[in-house]
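This report concerns only the one structure given below.
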Amino acid sequence: MPDPTRIFLIRHALVEPSARLTVYGSNDVALCQETLARERPAHAWLAGRLPPEARWYCTPLARTRATAMAVFAAGYPERELTDLPHFVEQYLGEWQGLTHEQFTAALRDPPHPFWNHGADERPPGGESLSDVVARVGPTLEAVAEENEGGDAVIVAHGGSIRAALAHACGLTPYQALQFSVKNLSLTRLEKENGHWRVGGVNEEPPMPQPPG
């Protein structure tokens, strides 16, 4: 029996404070340098947790490439990074960059219990989560085909990782938003004999133990 194809999805590290005051969506915002330095043990955990010969991918947004480079700096053998444009975060159209208060006031549907907008909300000129699933799904299949029987790492975003889970499991957008996908968490999807299996979701680095 052939080996399963394993795809490890990492959500990028925390973005800088001024960006977090807005609903930034697919805007190209920087990582928080202070948090990045503090979370070096998490990068080292990822470096040791990921398979050493994997092919690496990131999105065109700088925060995913910078996260990959932090994992390389923490001990993972540096690899070439291939861009996956279709794995970028959900584009929020005219609402992108609004403050959280402005964004909430602009919503037409009630927000999801675990997200800042409804599962089917499509901002003016933007994407719904279903649109994100429609572009992420074929790209996920292409990455699996390129790495058949091997391993791939994709550094991506909360929205696109949930979209990958929705595609792999045949979930509705509402169900996909019920997954917690935290910064620097690890989600693993496996494809075997043409079928997707979830190996893990939102695996987080161990919390540092207090001294003494």
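The values are calculated or read from the model by the stated rules, or taken from the named source; none is laboratory data. Just so it is clear, the structure is predicted and the values come from calculations on it, not from any experiment. Note: ideal-geometry Cβ built from the backbone for every residue, glycine included; neighbour counts use all protein chains shown. Surface accessibility is based on the protein's heavy atoms, side chains included, excluding ligands, DNA and RNA. Shrake-Rupley method; radii C 1.70, N 1.55, O 1.52, S 1.80 Å.
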Out of (1) under 16 Å from the mean Cα position of the chain (by Cα); (2) loosely packed, with under 15 Cβ neighbours inside 10 Å, the odd one out for residue 100 is which?
-> (1)
Counting only residues that are of a type in the set (Lys, Arg) and either in a loop (DSSP other than H, G, I, E, B) or over 12 Å from residue 7 (Cα atoms) (or both), the stretch 165-201 contains a total of 1
When residues of the stretch 142-158 are filtered for being touching a residue at least 24 places away in the same chain (Cβ under 8 Å), farther than 21 Å from residue 177 by Cα and either part of a helix (DSSP H, G or I) or of a type in the set (A, V, I, L, M) (or both), how many remain?
-> 5
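Matching residues to (1) closer than 24 Å to residue 113 by Cβ; (2) within 18 Å of the chain's Cα centre (by Cα); (3) crowded, with 19+ Cβ neighbours inside 10 Å:
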residue	(1), (2), (3)
148	no, no, no
169	yes, yes, no
178	yes, yes, no
183	yes, yes, yes
189	no, yes, yes
Name the pairs whose Cβ atoms lie under 9 Å apart, with the first residue in the stretch 187-209 and farther than 14 Å from residue 8 by Cα, the second open to solvent by 60 Å² or more (accessible area, probe 1.4 Å) and not in a loop (DSSP other than H, G, I, E, B), and 6 or more positions between them or separate chains?
-> 205/41; 205/49; 206/41; 208/41
Tally, over the stretch 65-76, of residues that are open to solvent by 50 Å² or more (accessible area, probe 1.4 Å) and either closer than 19 Å to residue 14 by Cα or part of a strand (DSSP E or B) (or both) | 3
Does the stretch 194-209 contain any residue that is within 16 Å of the chain's Cα centre (by Cα) and within 22 Å of residue 60 (Cβ to Cβ)?
-> no
Considering only the stretch 123-150, state which residues are touching an Asp or Glu at 6+ places or on another chain (Cβ under 7 Å) and either at pLDDT below 95 or under 15 Å from residue 5 (Cβ atoms) (or both).
-> 149
Would you please name the residue that is farthest from residue 116 (Cα to Cα), looking only at residues in the stretch 22-35 that are of a type outside the set (Val, Ile, Thr) and touching a residue at least 60 places away in the same chain (Cβ under 8 Å)?
-> 27
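Conditions (1) open to solvent by 50 Å² or more (accessible area, probe 1.4 Å); (2) assigned to a loop (DSSP other than H, G, I, E, B); (3) free of Cβ contacts under 8 Å to residues at least 12 places away in the same chain; (4) among the acidic types (Asp, Glu), marked per residue:
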site: 37; (1), (2), (3), (4): no, no, yes, no
site: 51; (1), (2), (3), (4): no, yes, no, no
site: 60; (1), (2), (3), (4): yes, yes, no, no
site: 63; (1), (2), (3), (4): no, no, no, no
site: 78; (1), (2), (3), (4): yes, yes, yes, yes
site: 86; (1), (2), (3), (4): yes, no, no, no
Selection status of residue 19, aliphatic (A, V, I, L, M) and free of Cβ contacts under 8 Å to residues at least 12 places away in the same chain = yes
Filter pass, residue 93 being on the phi > 0 side of the Ramachandran plot and either open to solvent by 50 Å² or more (accessible area, probe 1.4 Å) or touching a residue at least 60 places away in the same chain (Cβ under 8 Å) (or both) = no
How many residues are in contact with a Cys (Cβ under 8 Å, 6 or more places away or on another chain) and loosely packed, with under 13 Cβ neighbours inside 10 Å when one looks only at the stretch 1-30?
-> 1
